[in-house]
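Below is one structure, written out as structure tokens; the observations come after it.
What follows is calculated from the coordinates using simple rules that are stated; it is not laboratory data. All values reported here derive from a predicted model rather than from experimental measurement. Note: ideal-geometry Cβ built from the backbone for every residue, glycine included; neighbour counts use all protein chains shown.
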Amino acid sequence: MLKKSFYPLLILTFLLSALSHYLHWGMELQFAFAGIAILFAAGLLGKATESVAHYAGQRLGGFLNATFGNAAELIIAIFLIKEGLFEIVKASLTGAIIGNLLLVLGASALTGGLKFKEQKFNVHLAGQNASLMLLAIIALFIPAIFVQTEHISVHDTLRMSEIVAAFLIIAYIGWLIYSMVTHKDLLADNEETKADHGESPGWSKSLSVVLLVVATVMVAFISEWLVHTLDAFSARFGLSELFIGAFVVAIVGNAAEHSAAIMLALKNKMGAAVEIAVGSSLQIALFVAPVLVFVSLLFGGGMNLIFTTIELAAIAVAVFIAISISRDGSTTWFEGMLLLFVYAILGVAFFFV
Amino acid sequence: MLKKSFYPLLILTFLLSALSHYLHWGMELQFAFAGIAILFAAGLLGKATESVAHYAGQRLGGFLNATFGNAAELIIAIFLIKEGLFEIVKASLTGAIIGNLLLVLGASALTGGLKFKEQKFNVHLAGQNASLMLLAIIALFIPAIFVQTEHISVHDTLRMSEIVAAFLIIAYIGWLIYSMVTHKDLLADNEETKADHGESPGWSKSLSVVLLVVATVMVAFISEWLVHTLDAFSARFGLSELFIGAFVVAIVGNAAEHSAAIMLALKNKMGAAVEIAVGSSLQIALFVAPVLVFVSLLFGGGMNLIFTTIELAAIAVAVFIAISISRDGSTTWFEGMLLLFVYAILGVAFFFV
Amino acid sequence: MLKKSFYPLLILTFLLSALSHYLHWGMELQFAFAGIAILFAAGLLGKATESVAHYAGQRLGGFLNATFGNAAELIIAIFLIKEGLFEIVKASLTGAIIGNLLLVLGASALTGGLKFKEQKFNVHLAGQNASLMLLAIIALFIPAIFVQTEHISVHDTLRMSEIVAAFLIIAYIGWLIYSMVTHKDLLADNEETKADHGESPGWSKSLSVVLLVVATVMVAFISEWLVHTLDAFSARFGLSELFIGAFVVAIVGNAAEHSAAIMLALKNKMGAAVEIAVGSSLQIALFVAPVLVFVSLLFGGGMNLIFTTIELAAIAVAVFIAISISRDGSTTWFEGMLLLFVYAILGVAFFFV
């Protein structure tokens, strides 16, 4: 259930962001208002998706929830692609993956771990997630290493990216069938956790659909306003596009997952928190990233899946430490702290680039 | 038991391959006939090895089975070395390793997994295999990274390769002692699986030895014919030597393991299927590859163990995903699909090089 | 309990080392005497630390033991920094990490495994250690890959190293709190092992403190004498500074851990042996290395945490194989042999550089 104060704040921040954009207020102000407004709009989008999913029935609902869970990131990325800012798109995908695996998971494990000595969850799920994350890394890593080593032509690089993107989308569909149809029981945490994860906001069916449309439109507008301010923001604070994409955009885009996961960890539902953090990373790597390759074709094409060495290094270390920590099906405060330290070390390194 | 139609086909394909070679038929025809003939000859070689192993008693038999399991690959590689085609040799070793870990294991897990919900096997074995595969990667990776970073002389590179090769062979002997003598019980799957793995073809002792010799000679001849067509084949289809070595030669050389593993998976004997796939990879990395370094000395020497960056990347990702998937001692259809996707992604990347 | 013959040998070797240094005997002789003398002095230092820890009470004692366990390495490194030999310092840190994870752990598992079929220990501890070692690798690896890829200025590189070093020290303090206060019970092996690990030499409280001071002074002196001979030693045997640092200095500095771990393994106390080997590596990576960055500031600064590619490769393979082997909470002779092989392969590669 959303708090009552949510709706006025949603409308107020949206209007402030719109005003600052159309009246050409200072760029810093535009950035700040758009950043805050998108937090609220993304929150509404998340709740509306859950509510539509609720009415769509368990199976289709789970699919909707899983696939549109990163709708905000997807919309932001589409606007970046329209502007031809491919490098910021890839930086923001990198940032979303490491943000979920390190910041969201780390903060959940730390805050949950300060309250409960050890928080357990389904080991099977952790194992499957590990294999899927490895597939994602491999799919991003292989083209990059081949392109760097062998000087493959730009045209072939794009072709290779499109084929790999198609494989990833098929693998993602396979994962949905596997986790929601054929091996559902194997991967389930205890039932209450599940139920609570998708806490319904109590809207009627038609209201849910309307709110889903409204939220999507709001996120789309604010995303465009936000993207326009990034140049000015990076110039103002002397930050590289890479840092902006990987840390600023990603943290803003992930704010909803972040608060939800911490809330669940504090209720000792670490399984659901892990599912949000790891599941969201998986969606980005296996679904959002490859979809964006095809989306870029609509705007004249040109975005490949070749990430830079440091982006790949960041994704790889995030995946390895998250796998190592979640493999045993339990987390503690210290493990949360380790994840946050790795995030901080990456932040420092990206800052100095 | 081999089917009755096997022997006529074996002889027919061998004769066709011989005729096409000595009468200088079209190169594509020579390649096709040799490729089909070697499948049958390798099948006979495998059965004859098993039968001789059967009569040699359990311990020596296990040793024979394990050590000569990749006899076909070894013979093909020796002919490639004789021709000085060191890079194709290393590409075909790479291909055999990734083919076993991804294609053979993936196809087994997928087909078996479509029939059975979850297929379990001995966790201990999976753990030991993981450590051994890591040793193999390290042994291939360390010299390569040192040579790339530090510009070591060609002479020193060869010396280093020979020393590392000697270590690997000793480690392999250690593994045979460990898995067949000192810790046999720890690694055993349930007994029926074991027994079935070496299903005896019912030949007498002397017939088995004769067939072993015959099969070896056949494989040797066809290998030489096959190697002669590779240049023409790669020119005809515009494929690189790397792709030919890593995918075409490797798939042909592994066909026997491939069908055997899938058959076992369909009988829900996934432990034996894993043993074939992973065991075969281990043999290639720890025994065939280092032996070939010493074999090359007989032909004037010059083959080192320095794999290219993309070969190492391919081996590393195959090992990591196979370890991640088999570590929990069970496989499902989805895990099989993941392995096949990684194989396909590698295939695409090698194709574009 | 130290043997009676220990004290005369300690004094004799110290005097011989002192004489050879001040009377300018042959460099080889100076090196040999200093190398032997430091083994005895490090042994006394270890025992004195344990004894002081014994009187300090369990909690503070554990802290002292853990933090000053690598006092000898730390002192040697400080003298190397004073001389500006930053590259040898980093090579010796690399050597200490791989020496502990491969040589000490491998020799313990091999000798223990020849006596006992399978040696078990606390799985939880192994998992936590794995995550911590990964953090250490990430912290060393990230700055290196960013510096190599992006040409960061020397000044920024130093700043980045100092920030990362600060994070590592905080993570280490977090680990001490976690393993000695909040989650002590979770990580404990069976009680007898623990007790035996810190076998008290039976000294009085004041004698322990006096001996701690004496041993520290002795180690400090011999370290300085030893450092002075390294140039001559490397020239005499044609060994690179890298090899000297990573293998010669590291083996000498780790001799105490080495013998202690083997003794424990032979008593079937593998948990304590693992704790020494892995714990010592963790201390070096998370405490000694970052402390040295700040120590170098006292001598005019300039030591960063940027390890070379081959040092990072060596540390990474050591960590991965050690994690793979210890993850299941048991070791066998064959696993010990694998660790020693990886050490030998690294030794060969470093030798040829």
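Which residue, chosen from C:329, A:41, A:144, occupies the Cα position most advanced towards the positive end of the dipole of the protein assembly as shown, where the dipole is computed from +1 (Lys, Arg) and -1 (Asp, Glu) charges on Cβ about the Cα centre?
C:329
Multiply the residue gap between residue A:154 and residue A:6 by 0.36 nm, knock off their C-alpha separation, and tell me the result in nm, one decimal place.
48.5 nm
Quick check: net charge around residue A:280, other residues with Cβ under 15 Å of its Cβ, Lys/Arg +1 and Asp/Glu -1? Kindly include the intermediate steps, with their values, before the conclusion.
Details: positive: none; negative: A:50, A:73, A:257, A:275.
Net charge around residue A:280: -4.
Where does each of A:132, C:340 land when they are ranked from fewest to most other beta-carbon atoms within 10 angstrom?
The most exposed by this proxy come first: C:340, A:132.
If each label sits 7 angstrom from Cα along the C-beta direction, how far apart, in nm, is residue B:155 from its counterparts in the other copies?
Nearest to farthest, the other copies are at 4.8, 4.8 nm.
Report the closest approach of any chain B C-beta to the axis of the B-to-C rotation: residue and distance, in whole angstrom.
B:327, 5
With labels modelled as points extended 7 Å from the Cα through the Cβ direction, what inter-label distance (nm, one decimal) is found for residue A:29 paired with residue A:297?
The answer from the label model is 4.4 nm.
Using the per-residue mean of other Cβ atoms lying within 10 Å as a proxy for protection, in what order, highest first, do the peptides A:75-82, B:232-239 fall?
Details: A:75-82: 23.1, B:232-239: 14.0.
Ranked from most to least packed, the peptides come out as A:75-82, B:232-239.
Under 30 Å Cα-Cα from residue A:117, which lysines qualify once same-chain neighbours fewer than 8 residues away are excluded?
A:184, A:194, A:267, A:269, C:120, C:184, C:194, C:269
Could you tell me the calculated FRET efficiency between residue B:173 and residue A:267, based on Cβ-Cβ distance and R0 = 56 angstrom, to the nearest 0.05?
It comes to 0.50.
Can you list, shortest first in nanometers, how far residue C:5 lies from the same residue in the other copies, with each label 7 Å from Cα toward Cβ?
When each copy's label point is compared with this one, the spacings are 7.8, 7.8 nm.
Sequence gap at least 6, Cα distance under 8 Å: using those rules, report the relative contact order of region B:22-172 to the nearest whole percent.
Relative contact order for region B:22-172 comes out at 9 percent.
Can you order the peptides A:320-326, A:299-305 by their average number of other Cβ atoms within 10 Å per residue, highest first?
A:320-326, A:299-305
Given N residues in the protein assembly as shown, what is Rg(Cα) / (2.2 N^0.38 Å)?
For the protein assembly as shown, the normalised Cα radius of gyration is 0.98.
What is the calculated FRET efficiency for residue C:56 to residue A:114, with r their C-beta to C-beta distance and R₀ = 35 Å, to the nearest 0.05? Write out the running numbers ahead of the final one.
On the way: r = 28 Å, r/R0 = 0.80.
Between residue C:56 and residue A:114 the formula returns 0.80.
Sort A:156, A:185, C:328 so that the residue with the fewest other Cβ atoms within 10 Å of its own Cβ comes first and the one with the most comes last.
Taking fewest neighbouring Cβ atoms as first place, the list is A:185, A:156, C:328.
So if I place +1 on the C-beta of Lys and Arg and -1 on the C-beta of Asp and Glu, and nothing else carries charge, what would the dipole magnitude of chain C be about its Cα centre? I want it in debye, nearest 20.
So the dipole magnitude of chain C works out to roughly 680 debye.
Evaluate peptide C:157-169: per residue, the Cβ atoms of other protein chains within 10 Å of its Cβ; return the mean as an integer.
Going residue by residue through C:157-169 and averaging, the value is 2.
For residue B:330, which sequence-distant residues (separation of 5 or more, or a different chain) have an amide H within less than 5 Å of its own amide H, given hydrogens modelled in the peptide plane?
Result for residue B:330 returns B:121.
Using a label position 7 Å from Cα in the Cα→Cβ direction, what is the ascending list of nm distances from residue C:294 to the same site in the other copies?
Ordered by distance, the counterparts are at 5.4, 5.4 nm.
Using a cut-off of under 16 Å, list every residue of region B:1-31 whose amide N is near the label point 7 Å from the Cα of residue B:235 along the Cα-to-beta-carbon line.
Residues B:24-31 qualify, since their backbone N sits under 16 Å from the label point.
Check every DSSP H run in chain B and write down those whose alpha carbon atoms cover 20 angstrom or more along the long axis and whose mean Kyte-Doolittle hydropathy is 0.5 or greater.
B:6-22, B:27-55, B:123-150, B:154-177, B:205-237, B:309-326, B:333-352
Over region B:6-352, what portion of Cα pair distances is larger than 28 Å, expressed as a whole percent?
Value for region B:6-352: 41 percent of Cα pairs lie more than 28 Å apart.
Listed highest first by mean packing, meaning other Cβ atoms within 10 Å per residue, what order do B:275-288, B:14-27, C:109-122 come in?
On the way: B:275-288: 25.6, B:14-27: 15.6, C:109-122: 19.1.
In descending order of packing, they fall as B:275-288, C:109-122, B:14-27.
With a 10 Å Cβ neighbour count serving as the proxy for reagent exposure, in which order, fewest first, do B:310, C:38, A:11 appear?
Result, fewest neighbours first: A:11, B:310, C:38.
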